[in-house]
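The values are calculated or read from the model by the stated rules, or taken from the named source; none is laboratory data. For clarity, every value in this text was computed on a predicted model and none was experimentally measured. Cβ: placed from backbone, ideal geometry, glycine included. Neighbour counts: every protein chain shown. Each accessible area value is taken on the protein alone, full model and side chains, heavy atoms only, with ligands, DNA and RNA left out. Shrake-Rupley method; radii C 1.70, N 1.55, O 1.52, S 1.80 Å.
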Amino acid sequence: GLPYILENFPVNSFWFSTTGTHHIAQLIEIARTNNIITRSFKPGWTPVGADETLNIYVPDNHSTRLNDHSLVLYARHDRDGLLMTGDLEETGIRELANNTSPGPVTLLKLPHHGSRKSAPTPLLHKYKPTHAFSSVGYRNRYGLPHETVTTTLEETSVLLHRTDRDGTISLSSKGTGWSITHWKKGLFR
């Protein structure tokens, strides 16, 4: 769906990793044709915010799986940190867990929507987040998040928020813990 988005919606910039770029050559060409700024990231952590509260991570692996080349986003607000893991699978997760994040991780976006191939166990053990979330459709055909992932979260006392069960959610931080609200009757409550 990304070619359609780049061609039909206002997009300021398109970011991608330098690993596995042969998979996205078409997207880069569409972006350039539509005067969209492109920015590539090399393996490792790169600060993208002036105050280093926003960082991008690119795995440095030779996996043939496109998901293992996902950009990872880290955002921090005081003592709270959010790790958005994209669609990383086992190789990418292992590599991410072996690298030091720019700060604490208190909220984890489950890799690859909580698939079995993307079990977050190494990330849970390293960062010890208090909350995790998964964006998945109701009764999705893949059965995500996978039962092994939800069991692991329960065993590590990580509170899981999921869109298939909880609906639309809003996650916010004042730097001292996450506030999670749900969309009810046209408002977040």
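For this structure, a couple of remarks:
- Accessible area per residue for the chain, computed on protein heavy atoms with a 1.4 Å probe, is 57 Å².
- Filtered GluC sites (Glu not before Pro), the stretch 52-113: DSSP coil and at most 16 other beta carbons within 10 Å: Glu52
- Global form of the stretch 72-189, assessed from the alpha-carbon gyration tensor, a/c cut-off 1.5: oblate
- Normalised by 2.2 N^0.38 Å, where N is the number of residues, the C-alpha radius of gyration of the stretch 20-109 stands at 1.15.
- Candidates Asp51, Asp87, Asp164, ranked by Gaussian network fluctuation over the chain, Cα under 10 Å, top entry: Asp51
- Candidates Asn55, Asn67, Asn98, ranked by Gaussian network fluctuation over the chain, Cα under 10 Å, top entry: Asn98
- Residue-wise HN-Hα coupling along the stretch 134-141, computed from phi with Karplus coefficients 6.51, -1.76, 1.60 (Hz; x: Gly, Pro): 9, 9, 9, x, 4, 6, 5, 5
- Of all DSSP-defined beta bridges confined to the stretch 53-150, some 60% are antiparallel rather than parallel.
- Inter-label distance, Asp51 to Leu159: 2.5 nm, where each label sits 7 Å from its Cα along the C-beta direction.
- Surface composition of the chain: carbon plus sulfur atoms contribute 52% of the solvent-accessible area (1.4 Å probe, protein chains only, all chains present).
- Of Lys109/Lys174; Lys126/Lys184; Lys126/Lys174; Lys42/Lys174, those spanning more than 25 Å from alpha-carbon to alpha-carbon: Lys126/Lys184; Lys42/Lys174
- Calculated SAXS-style log₁₀ I(q)/I(0) at q = 0.23, 0.28, 0.30 Å⁻¹ - the stretch 69-123, Debye, Cα scatterers: -0.83, -1.17, -1.29
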